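Some notes on the structure that comes next.
Every number here is computed from the coordinates shown, using simple stated rules; none is lab data. Predicted model only: the values in this text are computed from it and were never measured. No Cβ is skipped: glycine too gets one built from the backbone with ideal geometry, and neighbour counts run over all protein chains shown.
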Amino acid sequence: MMKKYELAVIPGDGIGKEVVPAAVKVLQTAATLHGGIQLETTEFPWGCDYYLKHGKMMSDDGLEQLKNFDALFLGAVGDPNKVPDHISLWGLLIHIRREFEQTINIRPAKLFKGLTSPLVNPGPFNFLVIRENSEGEYSESGGRIHKGEDEIAIQNAIFTRKATERVMDYAFKQAVLRKGHVTSATKSNGIVHSMPFWDEVFNDVSKCYTGVRTSSVHIDALAAFFVTKPSDFDVIVASNLFGDILTDIGGAIMGSIGIAPAGNININGKYPSMFEPVHGSAPDIYGKGIANPIGQIWTASLMLDHLGEAALAREVLRAMEEVTEAGIKTKDIGGNATTDEVTNKICLQLQNNI
Ligand code: NAI
Ligand code: MG
C-alpha cells in the first residue's frame, strides 16, 4: 500500500531558497525509487521578502495552516539587510518552535567520509545530542534590581520533572535504536539543586531501559571529551544550555557548518515537528549557486527517519556520503562543485544504490 506524507516546505531566506529545492529533489527521487511512499509538498513563501510586502513574517493564520502537516521542512530565516534578526527569527522560526511545543532539539554529528575534521585524530565518531529545548537555563524567570554598586541580576534556571523526564525518555528511545548507550551531561558537583535533580531523574528513567548502558559526565569534562575522544559517545542528553554548547562542538568537529542537520521535535503528538539545518541564510554567498546542500539533505534524511522511514533515511545519508567521498563537494568543504552538481550527483547515486 502507498503511504502518503504531507510536508510543509518553508525555504525562507537566502540560501534556504537554493538548498531547500535541492533537498526536495533528493527526497522526491528517494520516494520514487522506494515505490511505496508518496511525498506531497506544499510550499509557503514566508520570510523576509514576505515581511517587506505584508509587514509580518508569516500569515496571521500561519500556524493554523501548518498544524496538520506530518512534518515541517525549513531552510533558513534571516536577512539582516532587509529585516532585523530579532524580528525575523522570532516572527517565524522561534514562533513555530514555541507554539508547536517542539520541546526537544536533536543534532547528530559523525565523521563524514570525504570531509576533513579539524581534529588530528577524530576516530569514527557518530553521536546524537538530544537537547532539552523549552526550559532549563534559558528561562525568563528573574530580573534586575537597583543600580550602581548595589545592582543585582537574578537568572533562574527552571527544571520541571515533566520536561526532564520527557527529554531523557526520548534519549533512551533513540539509544535503543542506536548503540544502546546514553551519556547524561551533568554538573551536580557545582550546581547543587537542579543538577542533582537532573541526575535523579536520569537514574529513574534509566530503570525503564535496562538494556541501555548509562554514563553521567560533568559538562566541562564532557566538552573536553568531545574533542579528545568523540568516538566514545552514542546518545548524549543535555539541558538547554549544555546542549547548546555541545551541539556547536559537534558541528565544529565535523568540519563545516554547511553539513550539520537538526530537528525540533514535538513529542506530545499535538503538532508537527520541524526539520532545519544548523546553518543560517548565508547572505554572503546567496545567489551564486555554490551553497552546500548537504546540511539540508541530511536534515531531509533526519525527517524521513522521524516519519518512520528509517531505511530510506539511511539510503539518503549513504548516497550523500558517497558523493562527498568521491570529491564532488562545494567550495566550503574544499571542492568546486555547484549546489546543483552535488544535488544531481546524489540523485544519481540513489538511483545506483536503490
Ligand atoms: P550563516 O550560517 O548563515 O553563515 C555563516 C558562514 O557559513 C557564512 O560565511 C556562510 O557563507 C557559511 N555557510 C553557512 N551555510 C553554508 C552552506 N550551506 N554552504 C556554504 N557555506 C555556508 O550564519 P550568519 O552569517 O551568522 O547568519 C546569516 C543570517 O542567517 C542571519 O540573519 C542569521 O540570523 C540567520 N540565521 C538563521 C538560522 C536559522 O534559520 N536557523 C541559524 C543561524 C543564522
Ligand atoms: Mg548555538
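The table that follows gives values for the structure above.
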{"item": "Low-density loop positions, GluC sites (Glu not before Pro), region 1-94 - DSSP coil, at most 12 other Cβ in 10 Å", "result": "none"}
{"item": "Percent of beta bridges antiparallel (DSSP, the chain, rounded to nearest 5)", "result": "40"}
{"item": "Distance (nanometres) between label positions extended 7 Å along Cα→Cβ at K67 and N352", "result": "4.7"}
{"item": "Alpha-carbon centroid distance for the pair region 112-139 / region 23-38, whole angstrom", "result": "28"}
{"item": "Cα-centre dipole for region 207-252 with unit charges at Cβ (Lys and Arg positive, Asp and Glu negative), debye to 20", "result": "240"}
{"item": "Computed [θ] at 222 nm, deg cm²/dmol, the chain (DSSP H ≥ 4; -39,500 (n - 2.57); rounded to nearest 500)", "result": "-12000 deg cm²/dmol"}
{"item": "Positive-end residue, the chain charge dipole about Cα centroid, Cβ charges, pick of P84, L74, S256", "result": "S256"}
{"item": "Kirkwood hydrodynamic radius of the chain, Cα pairs, Å", "result": "21.2"}
{"item": "Neighbour-count ranking [beta-carbon atoms within 10 angstrom, fewest first] of Y138, Y209", "result": "Y138, Y209"}
{"item": "M1, M168 arranged by Cβ crowding within 10 Å, fewest neighbours leading", "result": "M1, M168"}
{"item": "Under the span-like rule (Cα at least 20 Å along the axis, Kyte-Doolittle mean at least -0.5), DSSP H helices of the chain", "result": "16-34, 161-177, 240-254, 310-325"}
{"item": "Above-threshold pairs, the threshold being 23 Å between Cα atoms, out of K179/K207; K147/K187; K3/K329", "result": "K147/K187; K3/K329"}
{"item": "Of Q155, Q38, Q296, the one that fluctuates the most in a GNM where the chain has Cα springs shorter than 10 Å", "result": "Q155"}
{"item": "Size of charge dipole - region 1-133 - debye, nearest 20, with Cβ of Lys, Arg +1 and Asp, Glu -1, no other charges", "result": "520"}
{"item": "Between region 183-219 and region 75-96, the Cα center-to-center distance that results, in Å", "result": "35"}
{"item": "Taking W90, W298 and counting other C-beta atoms within 10 Å, the order from fewest to most", "result": "W90, W298"}
